[in-house]
1. For the stretch A:65-75, in order, what is each residue's ³J(HN,Hα) by Karplus, 6.51 cos²θ - 1.76 cosθ + 1.60 with θ = phi - 60°, in whole Hz (x at glycine and Pro)?
2. Quick check: convex hull of the Cα atoms in chain A, volume per residue, rounded to a whole Å³?
3. Which value in deg cm²/dmol, rounded to the nearest 500, describes the helix-derived mean residue ellipticity at 222 nm for chain B, given -39,500 (n - 2.57) per DSSP H run of n ≥ 4 and division by the residue count?
4. Amide H of residue B:77: which non-local residues (sequence gap of 5 or more, or other chain) have their own amide H closer than 5 Å, using H built in the peptide plane?
5. Among the trypsin sites (Lys or Arg not before Pro) in the stretch A:241-306, which ones are in a DSSP loop with at most 13 other Cβ atoms within 10 Å of the Cβ? Mind listing them?
6. Counting pairwise Cα distances across the stretch B:41-96, what percent come out greater than 14 angstrom?
7. Could you tell me how many degrees, from 0 to 90 and to the nearest 10, lie between the Cα long axis of helix B:230-254 and the main elongation axis, the longest principal axis, of the Cα atoms of chain B?
8. What is the projected area of the convex hull of the Cα atoms of the stretch A:1-69, averaged over all directions, in nm²?
Amino acid sequence: MDFYLPIAEVSVNAPLLIALGAAVGFISGLFGIGGGFLMTPVLVFLGIPPAVAVASEANHVAASSTSSVISYTRRKAVDFRMGGVLAAGGAVGSLLGVEVFRWLRLLGQADLVVSLSYLVFLGVIGALMLWESLGSILRRRRGDAPKPRKDRRPPWLYGLPFKMRFPRSRLYISVIPPILLGVFVGILSAIMGVGGGFVLVPAMVYILRMPAGVVVGTSLFQIIITTSLTSVLQAGRNQTVDVVLATLLLIGGVLGAQVGARASSRFRAEELRALLAVIVLAVGLRMGLGLFFTPSEPFVLMAGNG
Amino acid sequence: MPLDAAPPQTPPAAVSAALTTTNVRVTSSFRGARIVLYGAVLDPSQKPSDVVVIVRGPDAPVRMARKTRIAGVWVNSRPVVFEGAPGFYMAASTRPLDEIASFSTLRRLGAGIDHLRINAPMEQRIESRYGVRDVVVSGLGADYLDWRRAVVRLKEASGLYAADSRGVSFVDKGLFKAEIDLPTGAPIGVYSADIFLFQDGQPVSSRTRGLTVEKAGVERALYLFAHQRPWSYGLASVAIALAAGWAASVAFRRN
């Protein structure tokens, strides 16, 4: 069953997109990430123009994150106050990101920046996460005691002004680091068509030192706000949101996210992190390494008339 | 009977043609379209005739970049805009075009992909070189042909440009037909099909037929909504996303 997409102006296979949405939604619920970093490259590979893929994917990520964040809320695993602070930064970031993306498209360098961002961010985060999670899996197999959590918290996190209490995360820290983190993730959201969970989750654990239990839910909550805003901005500024594409993806996505969120409690956290690390690393390398190979066609047509 | 009488007047050769469809509707099930053009050559003199069909879609500037290697990484050059390239172009004929007419005739009619008027891009700048002021430097220069060939190659790969030197076939005496294949990515707009009758290397008669490709139904409504009221469209699409996420989670809790 093929569908002609009104904005992307290509014809796509509807059951395939629903199945893809479900698969990515499952991963999204399982790991507490938006799943955009997986879906956007797949959409581009299927022939959807990159600008439309990035913008419509933000919409899909908002849907599957909503679906899973509600289950996390019931388990009291969302720090709404921290999520709100992150989202305030995220709003600024996505405003900036949509303008940056527009400017990069005019320069003809959007593809390059997208590929490089995938290579750098996914490559580095995937490698770090894999290293850390394999380490903890090995330690447990050997029966060693888990590495003691460093209680010395970084002074820059505590020395900064504008401190705020986050009772659910049991933190009393300055709002500056979460806001900056939010801005950064908002920019990524607009440029890469991702929610940014793969950056947020490790950053919340290792930089903000939030308790592991609330990290995933809070990350998803902030992602909903950032991607919703990105989606509206992309539609308003660039007219690149394809609602038919997003709807096809989210039909599968919201269901997959529910199943994934339930499945997540059956796995150990470090095993989940190792698996996610492998996926992140593979996508980053796949997207980025193409930049180093000699292209078979040296010319590229670009959408839009600058 | 006057001796200097003109030879008996024969009506001039003429061609007539029609399209099976003049209005292609792009709906959600659109997967490209095949349109048949059929026509007749009316020529009492029975001279050997050739028919050339040229179909053009609406002009759309082509924006293109060339990948260059910088520090080991393949990077797009600055994009170059080609004006006047048709968004869709098809040339079909009874024989290879260069056997039908001369280079200059084909060039004048813009018949054949080699004769498309794709204008050299406005990539000129004026600068001082070797102490000489106001030298006009074309951004492309000698590379122009490479770029032009690339436009044609990429458009052919996506089915938007096509040339078929046997695309027009005579199905009966004086009756011919040609097929126009519109790919899914065919641009929206007004197309024109020019049908030329060639005799002795000259176009002796021609006809022009119009063709409209337009979005219809839901596709059209959504496209217009997205472009005319982009902010409401964005809010509506986010509302759908959030509602769907919420609905799924409610549905699963009941289970």
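Coordinate-derived values only; no laboratory data. No experiment lies behind these values; they were computed from the predicted model shown. Note: ideal-geometry Cβ built from the backbone for every residue, glycine included; neighbour counts use all protein chains shown.
1. Values per residue, Gly and Pro as x: 5, 4, 4, 7, 5, 5, 5, 5, 4, 4, 8 Hz.
2. It comes to 136 Å³ per residue, whole-number rounded.
3. After summing the helix terms and dividing by residue count, I get -7500 deg cm²/dmol.
4. Residues meeting the amide H criterion: B:66, B:67, B:68.
5. Those satisfying the criteria are A:268.
6. Counting pairs separated by more than 14 Å, the tail of P(r) holds 71 percent.
7. Long axis of B:230-254 versus the principal axis of chain B: about 60 degrees.
8. If you wrap the Cα atoms of the stretch A:1-69 in a convex hull and average its projections, you get 4.2 nm².
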